[in-house]
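Q: I have a structure here, written as structure tokens, and I will follow up with some questions on it.
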Amino acid sequence: MNDKIEVADIHLRQPTVADGAGMWRVVKESGVLDLNSSYLYLLMARDFARTCVVAEHAGDIVGFVTGYRRPDRPEAAFLWQVGVLARAQGLGLGKRLVAAFLRAPGCQGATVLETTITPDNAASRALFRAIARDLGTGCEVGPCFRAADFPEAGHEDEELFEIGPYSPENLQTLTY
Ligand SMILES: CC(C)(COP(=O)(O)OP(=O)(O)OC[C@H]1O[C@@H](n2cnc3c(N)ncnc32)[C@H](O)[C@@H]1OP(=O)(O)O)[C@@H](O)C(=O)NCCC(=O)NCCS
């Protein structure tokens, strides 16, 4: 379980229901991402598999991305959560997962990547700015959900990152 991670041994693929538990575990161990019910990860793995990607290493899920096409803005691929286990961070896996999400079957035809990030999440902000830079496109940051929108205390603002426009040609330029 805690073997050293070799990048060449990490395989990205579309999830199945059997991966829902592993996705939930990555979030739980991250200590950063909002931990939703395990049921929700099973639903994502079953009903939104075409806009989700898991990273597998030696039979373990070590990273994942979940998202969907916004029903009211179909050109937008909304990336909900991306997480990489601590032992697999800093290897470029976050960028590979976001790129795989943009290439996923459910994201075909999308021209804008949307996600929300809290102001204190430096790693995530760096990840998405790197994606915009590598795609050669823009990254607009604006308000989305405010702390006061959340029912529980202690939640930060969630800022909207809009990355785009991008085309299939832009995606082809990514080297990961
Ligand atoms: C955010 C996260 C997915 C990044 O994964 P990762 O595999 O370590 O990222 P990568 O190795 O692909 O790095 C992507 C870019 O971000 C930069 N970066 C990564 N972690 C960073 C950090 N802690 N501080 C500053 N920059 C960072 C990298 O240098 C790289 O930029 P570059 O292309 O200019 O070199 C990972 O840190 C994580 O799972 N964090 C906890 C969960 C989370 O916050 N998810 C995002 C909110 S939905």
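Every read-out reported here was derived from the displayed coordinates using simple, explicitly stated rules and does not represent laboratory data. Here the structure is a predicted model, which means the values were calculated and not measured. Here Cβ is always computed from backbone atoms with ideal geometry, including for glycine, and neighbour counts include all displayed protein chains.
Q: Can you pull out every residue in region 100-138 that is in contact with a helix residue (DSSP H, G or I) (Cβ under 8 Å, 6 or more places away or on another chain), in a strand (DSSP E or B) and within 13 Å of the ligand (Cβ to nearest atom)?
A: Across region 100-138, the qualifying residues are LEU113, THR115, ILE117.
Q: Next up: Within region 119-141, track down each residue that is farther than 29 Å from THR175 by Cβ and small (Gly, Ala, Ser).
A: Passing the criteria: none in range.
Q: Then there's this: Considering only region 148-157, I want to know if a residue exists there that is over 23 Å from VAL54 (Cα atoms) and touching a Pro at 6+ places or on another chain (Cβ under 8 Å).
A: Yes, some residue in region 148-157 is over 23 Å from VAL54 (Cα atoms) and touching a Pro at 6+ places or on another chain (Cβ under 8 Å).
Q: Of these, LEU35, LEU102, LEU43, LEU91, which one is touching a residue at least 60 places away in the same chain (Cβ under 8 Å) and surrounded by fewer than 18 Cβ atoms within 10 Å (Cβ to Cβ)?
A: Criteria check complete, one pass: LEU91.
Q: Right, next: Do we find a residue being buried (at least 18 other Cβ atoms within 10 Å of the Cβ) and either of a type in the set (A, V, I, L, M, F, W, C) or assigned to a helix (DSSP H, G or I) (or both) anywhere in region 144-151?
A: No.
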